[in-house]
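Here the structure comes first, spelled out in structure tokens, and everything after it is commentary.
The values are calculated or read from the model by the stated rules, or taken from the named source; none is laboratory data. Values in this document were obtained by computation on a predicted structure and should not be read as measured data. Using ideal geometry, Cβ is built from the backbone for each residue, glycine included, and neighbour counts are taken over all protein chains shown. Accessible surface areas use protein heavy atoms only, side chains included; no ligands, DNA or RNA. Shrake-Rupley method; radii C 1.70, N 1.55, O 1.52, S 1.80 Å.
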Amino acid sequence: ALTDTPSPTFTLLPTLTPSPSATPILHPEACVPGDTPSDYGLVKWVSDGDIIIVEIDGRLRSVRYIGIDAPADAPHVEYLGAQATARNRALVLDQFVHLVRDVSDTDEFGQLLRYVFVEDLFVNFELVRQGLARSVERSPDLACTSIFDQAQELAKQETRGIWMALTF
């Protein structure tokens, strides 16, 4: 005897259309002044997510990245401070860097203020793009403020780093 087996039923499920990905920023380095002094040096130490110690012409100099502020790792630890420091270390430690000045030479602590490059990688931009630093406007060094602001918006849209959404 034949048993009556039900036929399979198919239910159409809506397809999820991915939201448009954030538009990449092409040539973020284009904002960097081409007519200001620059130096080359070897990164000997990474203090935190936005300060490095660089040997320039045989002298150790503290260099603060222009236009960004990474979460602190010391003396008090801020959210993702250790990660920002670790990423900065991975990008620049023991690497030769190209350091480009904007308007100011140093900050109030005597640190050089610079845009930092490892080969073609714009480190200041990369840290903001990965959500491991915020874009910070500090006059008169404003050449890359709008590029850093755009990178920060993309990091927010993609919930990267300090912009990660907390879901429960």
Discussion item. How big is the dipole moment of segment 51-125 about its Cα centre under a simple scheme where the beta carbon of each Lys and Arg is +1, that of each Asp and Glu is -1, and everything else is neutral? Debye, nearest 20, please.
Written reply: 80
Practice prompt. At a 1.4 Å probe radius, which order do LEU132, LEU93 fall into by accessible area, largest first?
Written response: LEU93, LEU132
Worksheet entry | Formal net charge of residues neighbouring ALA143 (Cβ-Cβ distance under 13 Å; K, R +1; D, E -1) | -3
Worksheet entry | Counting DSSP beta bridges with both ends in segment 36-128, the antiparallel % (nearest 5) | 90
Fill in: Solvent exposure, largest accessible area first (probe 1.4 Å, DNA, RNA and ligands not counted), of HIS27, HIS76
HIS27, HIS76
